[in-house]
Amino acid sequence: DTGELERDAADDARARLSEPVVFLTPDTTMNVLPSTHGSLLMTTNEGGLQYLLAGARASVGINTGRYMFEAQIVENLNQVEITNSQARTPVPKNLLRIGFSIAHCTPILGDSEESICFDSEGNLLFNRRRNNVAHKFTLDNTVAVVLNLSNEDTPNSNTMSLFIDGERACEPQHLPEALKGKALFPTVTFKNMTVHVNFGPTPRCPLHFTCRMVQDMAAEDAVVTKYEPPKNGKYEVLFPVMLPDEGTFTWLDWYLKHHPQYTELSERVIVEWALRSGLWRPKTQSYKSSNDRPDMNFGIPHLDDGSVKLILTMVAAVQERDFIVMDVKGNLLAADRGDALMQFQMPHFRKVARVMVGEPTRDYKDYVQQQMLQEKQFKSDAEFEAMKLERIRQRQLEIRQRQVEKARRKAERVKQRLEEVAKKKELEGDAAEDATEKALEAANLEEEQDENVEEEKQQMEEDENEMPPKVELTEQEKRTWFPRIAAQADLSPMVLSQSFSKFALPEVEEGFDAVEYGWLQREESHQYLRRWNLERKVTTRVEEIQPSEWFKGRWSEWQKDLQAWHTRQLEFKDPSCQTIVAPVPTKAKSPAGVLMSKPKAKGIEFKPTEEGQPTEEPQEPQEAQEPQAATSSGPTFAKAEDDDPIRELEAELERRDFDVFGIENILDVGTGEPLFANFAFEDWALLSLRFELHLLVHAFRRDCYDSERS
């Protein structure tokens, strides 16, 4: 009478499910607080956790048949807003999603191909796509979801239906192809509320037809999730110790795939969790962002400042589940490891450090090569599809061009034939009417010649049906153990530079119950870390170095000397500031020797007299001698002929023979002239650069405090 397509469940004498349907701790998110009975679920809603979705998956999945389960919103919790003005928080603040998911996936419904659900807004969600199919349900409404995985010939096969207070709320919704043929587990996802879940065997609100609940399922229709009990009654807290960019998070994904009972504790998980909860953050990342410390930038203080991670760590310390603490930098530093171990002091935890450095094991290599092959095949397929589309477009363009050209040639032929017929009409009269029709037929026959339309269509179909080539890994790629799969590094360059010299492998004395070596043995692992550290010291800059008092003193002295030399050069070039200074004889050289070793300007020649005093040669007019004498601070000198190349060459040779390092006082080379009298801007710049490099090298050796670097 109601038009319901579903029929009453037939009698089933098969053995029923003996295990109770419950929510196992590894199949719930860390912010879920189950009651002692297990069917009442609450969520923490403080410290930023009120913005994160909570999820729980049942321990029994449906493999075939038609079964249902119920949920009811018992209480809505108020969401305390702690965001800034730029944050975009999802609405509604109170939300319930009810549906099904596959085993061992994250129990957050609707945002991937691993789950499908209805939400309290009346939407059907699958892989982030939502369709409004029903009306809303709120507090005190009892909602039921019926999953029909019966044979293909039964009505509503492979569908899911929503019922509110026993009444159908939407038409049966077909399951996507990605979920067909898989065991589906009842799952609820909620935020800021308390939810009661009923797995049966008796429904709270009966439907218009009889339908067995999950707890009343036939044993052969069920898939039961089981986890191995902890060894010696203790849950394991695993600390992976791995070097940056050497398979860290790739190994983590591989390990979680084979050990789904572990719950990951890392900032990567928090970012992914927040995004799946509907929070928004900018796509652009800062230079500080890394895989180990990704940028939060959600605009929520408790998320951005790390308070949520601290709260989750405190929650993890009292939960009975296996954890894997992924902190690339922290697990390599003894001080950070000690702080992390302090969080897991409960007696039901066994703390294990697993060191994995060097050459990986065979099973991990196979996984990495499989990931590389999939990525390479994906890129090849994308390039192939782009090339195929371009090739099809070119063929279509060629066909259109040939059609236009064919139409043009046809028009020219028709025009030519008609002109010929017109001339014949003028000569033959009415007898040429039949010739017009024959001319048009001849033009059409010429058009059909040399045309192969069927062949072109066949070629187009072959291009469309062509399959992409299968790619293979090269020998070099097969030898790659740690490919860069992520877009950013495990540690930012600055963090790596500041911390890598302190990296050390863990010891049992730090507080671990065991230290395991997964790839290399203990001694080989320590040697590998030693070599890795030395390589980084060669290529990585020292971030924490600070200038010492020695450097500051030398730099201050250099600035004073440089300023004094600039002043001396200006005084020497200013005639009003010059004083004539007689050359001072030295033990090493005679006045003539000092004079001859003096650098000379272009075209200037010095000649000593018998008494050792210089004379000028040749004599110049009195007018030319007066300004020259006024500017001279030493002996008189003569200017060579500008057009005499011999004198210029001799002066150049004398300048080259001048011994700079033999001068005892650079302010006076022997005649009162400073060594830098003719320095230009470029000379001063080169001098400063040379001294600064000299000072930096020697200061680095003093201030680095690392003999392996200095």
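Inside region 566-576, can you point out the residues that are open to solvent by 50 Å² or more (accessible area, probe 1.4 Å) and either over 53 Å from the mean Cα position of the chain (by Cα) or farther than 15 Å from residue 687 by Cα (or both)? The answer is 567, 568, 570, 571, 573, 574, 575, 576. Scanning region 458-476 for residues that are open to solvent by less than 50 Å² (accessible area, probe 1.4 Å) and modelled with pLDDT of 85 or more, we see that the one that is farthest from residue 361 (Cα to Cα) is 471. Evaluating residue 259 against the criteria (1) open to solvent by 40 Å² or more (accessible area, probe 1.4 Å); (2) under 25 Å from the mean Cα position of the chain (by Cα) leaves one unmet condition, (2). No other residue among 290, 266 is of a type in the set (S, T, N, Q) and either touching a Cys at 6+ places or on another chain (Cβ under 6 Å) or farther than 30 Å from residue 232 by Cβ (or both) apart from 290. Scanning region 389-423 for residues being open to solvent by 100 Å² or more (accessible area, probe 1.4 Å), among the polar types (S, T, N, Q) and within 29 Å of residue 468 (Cβ to Cβ) gives a total of 1. Using the structure shown, decide if residue 455 is open to solvent by 100 Å² or more (accessible area, probe 1.4 Å), modelled with pLDDT under 85 and farther than 22 Å from residue 251 by Cα. Considered against the rule, which asks whether it is open to solvent by 100 Å² or more (accessible area, probe 1.4 Å), modelled with pLDDT under 85 and farther than 22 Å from residue 251 by Cα, residue 455 comes out as yes. Of all the criteria given as (1) surrounded by fewer than 13 Cβ atoms within 10 Å (Cβ to Cβ); (2) of a type outside the set (Phe, Trp, Tyr); (3) within 40 Å of the chain's Cα centre (by Cα), the one not satisfied by residue 33 is (1).
Which of the residues that make up region 481-500 are open to solvent by 50 Å² or more (accessible area, probe 1.4 Å) and part of a loop (DSSP other than H, G, I, E, B)? Result: 481, 484, 485, 487, 488. Is it the case, given these coordinates, that residue 350 is open to solvent by 50 Å² or more (accessible area, probe 1.4 Å) and either in contact with a His (Cβ under 8 Å, 6 or more places away or on another chain) or in a strand (DSSP E or B) (or both)? Judged against the criteria, residue 350 is a match. Restricting attention to region 150-196, the residues that are within 20 Å of residue 104 (Cα to Cα) and either touching a strand residue (DSSP E or B) at 6+ places or on another chain (Cβ under 7 Å) or at pLDDT 95 or above (or both) add up to 11.
Tell me the residue from 151, 123, 141 that is polar (S, T, N, Q), within 21 Å of residue 53 (Cα to Cα), free of Cβ contacts under 8 Å to residues at least 24 places away in the same chain and out of contact with any helix residue (DSSP H, G or I) (no Cβ under 9 Å at 6 or more places or on another chain), please.
Values: 151 fails: within 21 Å of residue 53 (Cα to Cα); 141 fails: free of Cβ contacts under 8 Å to residues at least 24 places away in the same chain.
Unique residue meeting the criteria: 123.
Using the structure shown, decide if residue 113 is closer than 27 Å to residue 152 by Cα, acidic (Asp, Glu) and in a strand (DSSP E or B). No; evaluated as a whole, the condition is false for this residue. Being open to solvent by less than 70 Å² (accessible area, probe 1.4 Å) and free of Cβ contacts under 8 Å to residues at least 12 places away in the same chain is the filter; apply it to region 373-388 and report the residue that is nearest to the chain's Cα centre (by Cα). Of everything passing the filter in region 373-388, 382 is nearest to the chain's Cα centre (by Cα).
Please find, within region 313-343, the residue that is nearest to residue 45 (Cα to Cα) out of those that are of a type in the set (A, V, I, L, M) and in contact with a Leu (Cβ under 7 Å, 6 or more places away or on another chain).
Result: 316.
Taken over region 536-565, the criterion of being surrounded by 11 or more Cβ atoms within 10 Å (Cβ to Cβ) and closer than 14 Å to residue 500 by Cα is satisfied by 536, 537, 540, 542, 543.
The values are calculated or read from the model by the stated rules, or taken from the named source; none is laboratory data. Because the structure is predicted, anything quoted here is derived from the model rather than measured. Note: ideal-geometry Cβ built from the backbone for every residue, glycine included; neighbour counts use all protein chains shown. To get the accessible areas, we keep the full protein, side chains included, count just its heavy atoms, and leave off ligands, DNA and RNA. Shrake-Rupley method; radii C 1.70, N 1.55, O 1.52, S 1.80 Å.
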